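*Asks:* Quick one: the structure is below, questions incoming.
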Amino acid sequence: MRTCPRCERSFPDETDFCPRDGTPLPASVTPTEADLAAVLARRYHIIRRLGGGGMGTVFLAGQIAVGDRPVALKVLLRKLLDDPEFLMRFHNEAASTGRIHHPNVVTIYESGQADDGTPYIAMEYLEGGTLRDELKQRGALPVAQVVEIIQQVARGLNAAHKLGIIHRDLKPDNIFLTRSDEGELAVKIGDFGIAKLRESATHTMTGTVLGTPAYMSFEQAAGMRSDELDARSDIYSLGVVVYEMLTGRVPFHSDTPLGCVRKHLTEQPPPFRAVKPDLPSLPQLEGVVMKALTKDREQRFASPLEFARELAEAAGATQPTAPLPQTRVVPPPTPVVGEPSGLPLGRAEPSPTQPARAAAPSPPKPAAVPSPQLRPTPARPSRAKYVIFAFLALAAAGTGLWYWQQSRLQPQIESQPPSESGAKTPTPPSGMVYIPGGTFTMGRDNSEDPEETPAHVVTVPPFYLDKTPVTTANYAAYVWAGGRQTPPSWPQGRYPSGSDDWPVADVSWEEARAYCADSGKRLPTEAEWEFAARGTDGRLYPWGNRFDPALTNSKERGLGHPEGVEGKDIFDKVALDSASSPFGVFGMSGNVWEWTADDYKPYSGHQSAFQIPADAKVIRGGSFKSDKDHITTTTRNLDLATTRSPTIGFRCAK
């Protein structure tokens, strides 16, 4: 853990700046090999450091009492000794998980305290890699291999569940792939009980409960306490793992942990082929996985063995299948599994960020809205002349109807209202666009995300809006003007050379509001933002109703970072105007989320299925990490006002 010198709160090792006040966090102090050699000399000799995480460090060591047996030695942070309740729970959890003796579970040999009181756990040392390594190397796995791995995972889970032990943090990082002496695949689960320990430690040190949002069960996302969870929580997490093994991605992805939690609570997993179109149709297999991912735990499988059995039957495999190919690249020897916010087993993992919700499984609704334009079908050459004449007449009628619709739908766009001075179009301030205001339909009823519903009519007065998001160069000039201090997380090495025209990110809502106010402007309201993005014709994207990866910096583009706000890096050879909104505003889809002025709350007539934090603010537009379904003009999300994120920027209104 890393402790903020200002507020004295502790955060996971991967956190560089205090989320509360932005203070740079000093590096966490971990025990050195020399320190450990001195306090553990009677029991172990330290060979080398293998990895570290939020609660301690992992070493390869030799256990002296049993012939220098190699072990993965987890050494917890000494600061945890300050909490007697945690220390008691540590001993209880270590003793409890040590009772699991099964070939598919990592064996715990011993737990105790070194001569200086440092808590440690000695466990089975394994050579090989994790399921996470396998997925990173290969993406989606063949069905037969998925079935074989899950059979073994299910047996290990079942052994723990029979003893009343719940994992609570099952994920590919905690599933270890090794080989027996005969060369056969051997799957082992690690880190039993660590999630509960981590909850105890972080609750004491930070006042929050940590987890792995992409894999947590519906119950965990809903805030159920660890001691109220049962085996069905692990089955849900195992369902997420299987979904990822078959499709190459988790069912719920978000740019922020809060967003990911919100998706667990409110959205249904998309069908396999919606995320992996080249996957063969596997309706029975998909049905089994979706049953494991049911929100209502009463409707899930009763045991992991039942889940694995039905998975095998659906895949047409009643017998264990062949092991993974021998040609797989095996990483150098490392201990079992780990992740930064828990007790590591020698491997660190970056943790995600975003929101969540609840309902019964239903197929996702189509992402695109039919275009209002009427496009006549070309006549075939073999038709008689009268058919051609009829076609031309229909085309003319269709074109006339389309123009009539546009004149009704977009009166504000075609003729802007006069200003008080009598000018037809007010001259906007430099860098801004005049938005004439008008009445439009906000939100949409055919969205997979219930937070975008119900569609409702809103009237927006005329206003000005920045043509592009605020850039890093804009913000740098502001920061250094008048002796202001640079926000700690920006721009100290965050942005590479040549990124002056990128949208600024790592700026909190409060800092964004201050920038706008000092510029004589303000943040746009959520309604203003949506109106500026979609106009009055209800378009799904700023440019129209069809997704085009050439017009936005979204996940489909695969850039992995923001790009210039003027579009010269994003849009290739496509005309920039093609990517703008009906009012000529750029960058309102993808690239970075944008803060708005409003507190986050559900639309009237809809009740959110998740608890909304008191200081949650609306963000709009999606980012370079968002897929095509989450960069629409109606997409809405939330984050805390104090959050600084590399995926959130802003623009100003007036």
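*Asks:* Only one of these is under 29 Å from residue 443 (Cβ atoms), buried (at least 16 other Cβ atoms within 10 Å of the Cβ) and at pLDDT 90 or above: 534, 546, 522. Name it.
*Replies:* 534
*Asks:* Of everything in the range 621-651, what is among the hydrophobic types (A, V, I, L, M, F, W, C), under 17 Å from the mean Cα position of the chain (by Cα) and surrounded by 22 or more Cβ atoms within 10 Å (Cβ to Cβ)? Give them in sequence order.
*Replies:* Correct list: 624, 631, 638, 648.
*Asks:* Does the range 611-620 include one or more residues that are crowded, with 21+ Cβ neighbours inside 10 Å and part of a loop (DSSP other than H, G, I, E, B)?
*Replies:* No, because not a single residue in the range 611-620 is crowded, with 21+ Cβ neighbours inside 10 Å and part of a loop (DSSP other than H, G, I, E, B).
*Asks:* Another question about this same structure. I'd like the full set of residues that are among the hydroxyl-bearing types (Ser, Thr, Tyr) and at pLDDT 95 or above, limited to the range 439-481.
*Replies:* 464
*Asks:* Looking at residue 86 and the list (1) at pLDDT 75 or above; (2) touching a helix residue (DSSP H, G or I) at 6+ places or on another chain (Cβ under 8 Å); (3) not assigned by TED's automatic domain parsing to the domain that holds residue 272, which single condition is not satisfied?
*Replies:* (1)
*Asks:* So which residues in the range 302-317 are in contact with a Gly (Cβ under 9 Å, 6 or more places away or on another chain) and crowded, with 19+ Cβ neighbours inside 10 Å, if there are any at all?
*Replies:* 304, 307
Here's the yes/no breakdown for (1) modelled with pLDDT of 90 or more; (2) under 21 Å from residue 301 (Cβ atoms); (3) of a type in the set (A, V, I, L, M); (4) surrounded by 18 or more Cβ atoms within 10 Å (Cβ to Cβ):
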residue: 117; (1), (2), (3), (4): no, no, no, no
residue: 126; (1), (2), (3), (4): no, no, yes, yes
residue: 137; (1), (2), (3), (4): yes, no, no, no
residue: 165; (1), (2), (3), (4): no, yes, yes, yes
residue: 189; (1), (2), (3), (4): yes, yes, yes, yes
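*Asks:* Hey, does the range 134-142 have a residue that's in contact (Cβ under 8 Å) with a residue 12 or more places away in the chain and touching a strand residue (DSSP E or B) at 6+ places or on another chain (Cβ under 8 Å)?
*Replies:* Among the residues of the range 134-142, at least one is in contact (Cβ under 8 Å) with a residue 12 or more places away in the chain and touching a strand residue (DSSP E or B) at 6+ places or on another chain (Cβ under 8 Å), which makes the answer yes.
The values are calculated or read from the model by the stated rules, or taken from the named source; none is laboratory data. All values derive from a computational prediction rather than experimental measurement. Please note: Cβ atoms are built from the backbone with ideal geometry, for glycine as well, and neighbour counts cover all protein chains shown.
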